[in-house]
Amino acid sequence: MGIASIQNVSGNVISAVEIMQFMTHNSLLLYKKKGSRVPNDRIIAYEAKEKHNPYHKGVVFVTPSKDDLVEGKGYVVTSYETLQDKRQSLSHWTPNTFRGGTYYNFQKRIIKGHTRDNLKQVNVLGFDLDTKEVDLYALYLGCEELGLPRPNLLLETPRGFQFFFVLDTPFFVHKNKDYKSLRVAERLYDNVRKALSTYVPVDTNCAPFGFYRIPREDNVLDFYDEPANTRELLSWSKHFEEKEKRASLRVVYNENGSEIDQTSSDWYRALIFATDIESGHNSASRNNALMTLALANYASNRSFEDAYDELDQFNSNMNHPLQKSEFERTLKSAYSGKYKGVKRSYVEGLLEIWTDGQAKFKGREGWYKFKKPREERVRSHYEEWDEDILAYLDTHTSPEMPFLEGSLNMLAKNLGLAVSTLKEVLKRSSKLIKRTVGRGRGAVTKLASRSMMFRSLLQLRKKRLQQAQLTFAELLPEPNEFARTLKLPALDTELLIYELDILYRAGASPPVRKSG
């Protein structure tokens, strides 16, 4: 499994070792100190050039297998030549560079030195997705919506995936500066992880600057060679914490002055005990039922964990339950903060079709305190139709057959929309792809979600098929200039690290957002 060669977004073939050089900012020696296969004159010329380099080279730690890593066994590597020679026999490495390394037991290869206080520089922010049941397109879309750069590297692991942001300017760690830059790097890491966890299940137990899977030709799924701007990431981190702090103070009340608890309402209890809900019903399918119940939990300030437990039981009790991946995607979407609450028409439709009809929706539409402007209400309708179409496509397409085909009239009828509405939704949507084959009455429209196309493209690449019609560059959002979007001032990196360190030391850990 895997792709025969690694390509960047421009289609240029690149080796795994070149990716490692890119990730580590050439912070290792190019050649081995002993036993190099490179001609001696080249080594002499390289060493002469390095004498004038003010930056000392460091080391990375590698290990042949996960079992060896657990036992603390591995090797200290000082050169890219060694990585090139051994890469096929290695499973893990440290893409962040250390000052040096040695062994507790040289004979048994028990490595020593891969500790926080021995870090030389933080080159990358690496994250682990410890499951195969994940919508990888949601990761890229999440970065776009949050104002984060596109991940530079996506790897497949035996149990899931790992992705990395490569910093254009590493955090250089200095003991005599009280590890100030390391503290800021850790805080940045925590903020990025927290922000992306609303889109994909980022592993919270992964050590920020420890061991990760080593890039190889057979596990690289996507590589993007434009590094993340460190200064802009720091500005994003500061802005994110300010936004989180404001959100934690915001509570929405109903007109009687008490917090809304929709999970204790008659309609919620009636719907959660319904077991016959099926797919294919416009605005009243399994996805809509789960989304509605999840939004009721979110609006009632219930924790994600409590909602997950209750709704997982609801899903399991259904005669035709959703797959785990779709269940989790829908629940996380409800808790993303993008939606204001349940939609009354959805609730009433679900109650009419799937319950005895005795329970009624009471109260206003959603959980707004004030009436939304007409412009926003119109826009929200298109967003809801967009979600309806995506839910329908998730049910009726697959990575093997990602497109739903037919005439525009037929598709509109199946989706329960007017043709004019469908055209407008497709025009506005950033999550849907439409292709038209032929002209006039004989024209066939092909409709797919970008998420399913992404999964399809990954499957093609893993099967070594190169004839995919779309490339990652065409499918994914364009890399954004997120500092400009946020209208943040341009700041000197070192000055910003100093300011953030003072800010972070003045308070406790980053504030946690409260639902609602």
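The values are calculated or read from the model by the stated rules, or taken from the named source; none is laboratory data. This is a predicted model, so every value here is computed, not measured. Cβ coordinates were reconstructed from backbone atoms using ideal geometry, including for glycine residues, and neighbour counts include every protein chain displayed. Heads up: the accessible areas ignore ligands, DNA and RNA and are worked out on the full protein's heavy atoms, side chains in. Shrake-Rupley method; radii C 1.70, N 1.55, O 1.52, S 1.80 Å.
Would you pick out the residues in the range 16-35 that are open to solvent by 30 Å² or more (accessible area, probe 1.4 Å) and of a type in the set (Gly, Ala, Ser)? Of everything in the range 16-35, just one residue is open to solvent by 30 Å² or more (accessible area, probe 1.4 Å) and of a type in the set (Gly, Ala, Ser), namely GLY35. ARG150 meets each of the listed conditions (1) assigned to a loop (DSSP other than H, G, I, E, B); (2) surrounded by fewer than 17 Cβ atoms within 10 Å (Cβ to Cβ); (3) touching a residue at least 12 places away in the same chain (Cβ under 8 Å) apart from (2).
Looking across the range 211-244, the residues that are of a type in the set (A, V, I, L, M, F, W, C) and open to solvent by less than 40 Å² (accessible area, probe 1.4 Å) come down to ILE214, VAL220, LEU221, PHE223, ALA228, LEU233, LEU234, TRP236, PHE240. Here ILE277 clears all of (1) in contact with a helix residue (DSSP H, G or I) (Cβ under 6 Å, 6 or more places away or on another chain); (2) without any contact (Cβ under 8 Å) to a residue 60 or more places away in the chain; (3) outside any helix (DSSP H, G or I); (4) under 27 Å from LYS132 (Cβ atoms) except the condition numbered (2).
Suppose the filter is under 23 Å from GLY210 (Cα atoms), open to solvent by 40 Å² or more (accessible area, probe 1.4 Å) and without any contact (Cβ under 8 Å) to a residue 12 or more places away in the chain; does ASP41 pass it? Here the answer is no, as ASP41 does not meet what is asked. Taking the range 158-180 as the range and being within 18 Å of ARG99 (Cβ to Cβ) and open to solvent by 10 Å² or more (accessible area, probe 1.4 Å) as the test, the residues that pass are PRO170, PHE172, HIS174, LYS175, ASN176, LYS177, ASP178, TYR179, LYS180.
Assigned to a helix (DSSP H, G or I), aromatic (Phe, Trp, Tyr) and either open to solvent by 50 Å² or more (accessible area, probe 1.4 Å) or at pLDDT below 90 (or both): is that true of TYR104 in this structure? No; evaluated as a whole, the condition is false for this residue. Among the residues in the range 120-128, are any open to solvent by 20 Å² or more (accessible area, probe 1.4 Å), out of contact with any Lys or Arg (no Cβ under 6 Å at 6 or more places or on another chain) and not hydroxyl-bearing (Ser, Thr, Tyr)? Scanning the range 120-128 turns up at least one residue that is open to solvent by 20 Å² or more (accessible area, probe 1.4 Å), out of contact with any Lys or Arg (no Cβ under 6 Å at 6 or more places or on another chain) and not hydroxyl-bearing (Ser, Thr, Tyr).
Selection over the range 64-92 of residues that are under 19 Å from LYS33 (Cβ atoms), at pLDDT 95 or above and in a strand (DSSP E or B) gives a count of 3.
The single condition among (1) at pLDDT below 90; (2) open to solvent by 30 Å² or more (accessible area, probe 1.4 Å); (3) not aromatic (Phe, Trp, Tyr) that ARG183 does not meet is (1).
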